[in-house]
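Comments concern the structure below.
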Amino acid sequence: MHPVSKCSLELIEKATSSLLSGAIVAFPTETVYGLGVDADNQVAVARMYEIKGRPADHPVIVHISKINEVDYWAKDFSKYAIALMRKFWPGAMTLILPRSDKAKNFITGGQEFVGLRIPSNTIALNLISNFIERGGHGIAAPSANRFGSISPTSASDVSSELGEFLDEKDLIIDGGKSEIGVESTIIDCSRALPRILRLGAVTEAMIREVTPIDLDNDLNEIRVSGSLTRHYSPKAKVVLDREAKPGEGIIALAEIPTPAGAIRLAEPKTVTEYARSLYSALREGDTKGLKTIVAITPIGDGLAAAIRDRISRASA
Ligand code: TXA
Ligand code: MG
């Protein structure tokens, strides 16, 4: 475990100094918690990859605080990319854009594209803008979990998942529970039309209000670690859409009753609540030492589709 710090103005200053000196700062965003480092600092980025156990050829998202900061990291991006930034930033959307010469291979995984996001969480925004005011250009942050595991939605999740790998100069900022609970929508902006690479709270219908989209879902030429078939997985076996037996965990909308002897891990009333509680419910299943967790997936598109995507990867 690693101590968790309640957010305050002094803590933002301290966290900024930590980042500028090459340390790691785990911070809340509205989607999930991120494991932040100075995106210009190759040594710090390498340490972050090591702590995550992530292969070096997987790119990482750079978090910025204002649209004009995009120009440091990316160049020659399309008109629709600008329209998407204006509409959905700050928010749960990551854009994959042609990189500038400042976005080095250690950030892009050697690809010619860089992933950028402006989160809406107040603590995240304050941290990033303070960091950029004090000389930084962006905070590289993957979800603050070990590679392949479930993203953390609270500071204590980060601490129990990665605390043993952090030291005194690193920080975990406590910003309460993540508001959305699943990772950002990722949109590839490298072609004539945008392509959705990862579903999230910025939905296909919302994107279509701004621009037509490319439905080609052959993702082979772009490496998105979240697109690995098995990902977001707890230790327990996750099975979908069947009745839970005695001793098995169950995650389902509140309207679905708990079968006799099954262990209720979450009973969200809405799809929004489902997204918010999904990862902590999977973690709780592991804490309880359950062998099997049954998830009854929500129907519909939008966030429900993002939830089904994550649960089916957890069950792969
Ligand atoms: O909501 C989120 O996106 C969270 C918070 C912390 O911002 N971050 C997150 O990061 O989920 P991560 O690294 O766990 O997942 C980001 C995904 C990865 O699958 C990565 O491969 C993809 O984004 N990605 C990042 N940069 C990319 C790039 N240049 N080209 C293709 N994919 C990229
Ligand atoms: Mg991740």
Would you be able to say whether some residue in region 220-228 is at pLDDT 95 or above and either surrounded by fewer than 18 Cβ atoms within 10 Å (Cβ to Cβ) or of a type in the set (Ser, Thr, Tyr) (or both)? no
Qualifying residue in region 109-123 (condition: within 16 Å of ligand 2 (Cβ to nearest atom) and surrounded by fewer than 22 Cβ atoms within 10 Å (Cβ to Cβ)): yes
Would you be able to tell me the number of residues in region 188-202 that are within 15 Å of the chain's Cα centre (by Cα) and either near ligand 1 (Cβ under 10 Å from one of its atoms) or surrounded by fewer than 17 Cβ atoms within 10 Å (Cβ to Cβ) (or both)? 4
Just to check your reading of the model, which residue among 244, 275, 304 is in contact with a Gly (Cβ under 8 Å, 6 or more places away or on another chain) and either exposed (fewer than 13 other Cβ atoms within 10 Å of the Cβ) or not in a strand (DSSP E or B) (or both)? 275
Go through region 278-301 and count every residue that is open to solvent by less than 10 Å² (accessible area, probe 1.4 Å), within 15 Å of residue 244 (Cβ to Cβ) and not in a strand (DSSP E or B). 3
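Listed here are the residues, each with its yes/no results for (1) more than 16 Å from ligand 2 (Cβ to nearest atom); (2) in contact (Cβ under 8 Å) with a residue 24 or more places away in the chain; (3) crowded, with 21+ Cβ neighbours inside 10 Å; (4) of a type in the set (Phe, Trp, Tyr).
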{"site": "53", "(1), (2), (3), (4)": "no, yes, no, no"}
{"site": "58", "(1), (2), (3), (4)": "no, yes, no, no"}
{"site": "62", "(1), (2), (3), (4)": "no, yes, yes, no"}
{"site": "65", "(1), (2), (3), (4)": "yes, yes, yes, no"}
{"site": "72", "(1), (2), (3), (4)": "yes, yes, no, yes"}
{"site": "75", "(1), (2), (3), (4)": "yes, yes, no, no"}
{"site": "78", "(1), (2), (3), (4)": "yes, yes, no, no"}
{"site": "83", "(1), (2), (3), (4)": "yes, yes, no, no"}
Residue 36 being within 16 Å of ligand 2 (Cβ to nearest atom) and either open to solvent by less than 30 Å² (accessible area, probe 1.4 Å) or not assigned by TED's automatic domain parsing to the domain that holds residue 162 (or both): yes
Which members of region 90-120 meet the condition of being basic (Lys, Arg) and in contact with a Phe, Trp or Tyr (Cβ under 9 Å, 6 or more places away or on another chain)? 99, 102, 117
With without any contact (Cβ under 8 Å) to a residue 40 or more places away in the chain, more than 24 Å from residue 13 (Cβ to Cβ) and open to solvent by 20 Å² or more (accessible area, probe 1.4 Å) as the only criterion, which of 168, 161 stands out? 161
Hey, among 173, 196, which residue is closer than 21 Å to residue 108 by Cα, modelled with pLDDT of 95 or more and part of a strand (DSSP E or B)? 196
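Condition check ((1) within 13 Å of ligand 2 (Cβ to nearest atom); (2) assigned to a loop (DSSP other than H, G, I, E, B)) across all residues:
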position: 146; (1), (2): yes, yes
position: 149; (1), (2): yes, yes
position: 152; (1), (2): yes, yes
position: 161; (1), (2): yes, no
position: 180; (1), (2): no, yes
position: 186; (1), (2): yes, no
position: 190; (1), (2): no, yes
position: 201; (1), (2): no, yes
The one condition residue 109 fails out of (1) on the phi < 0 side of the Ramachandran plot; (2) within 12 Å of ligand 1 (Cβ to nearest atom) is (1)
Determine the pairs where a residue that is polar (S, T, N, Q), located within region 174-192, has a partner that is assigned to a loop (DSSP other than H, G, I, E, B) and modelled with pLDDT under 95 with Cβ atoms under 9 Å apart, the partner being 6 or more residues away or on another chain. 190/222
Can you find a residue that is acidic (Asp, Glu) and touching a His at 6+ places or on another chain (Cβ under 8 Å) anywhere in region 125-144? no
Any hit, region 14-25, residues being over 11 Å from residue 142 (Cα atoms) and within 16 Å of ligand 2 (Cβ to nearest atom): yes
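The values are calculated or read from the model by the stated rules, or taken from the named source; none is laboratory data. The structure displayed is predicted, hence computed values, not measured ones. Reconstructed Cβ throughout: ideal geometry from the backbone, glycine too, with neighbour counts over all protein chains shown. The protein model used for the area step is the full one, side chains on, heavy atoms only, and it has no ligands, DNA or RNA in it. Shrake-Rupley method; radii C 1.70, N 1.55, O 1.52, S 1.80 Å.
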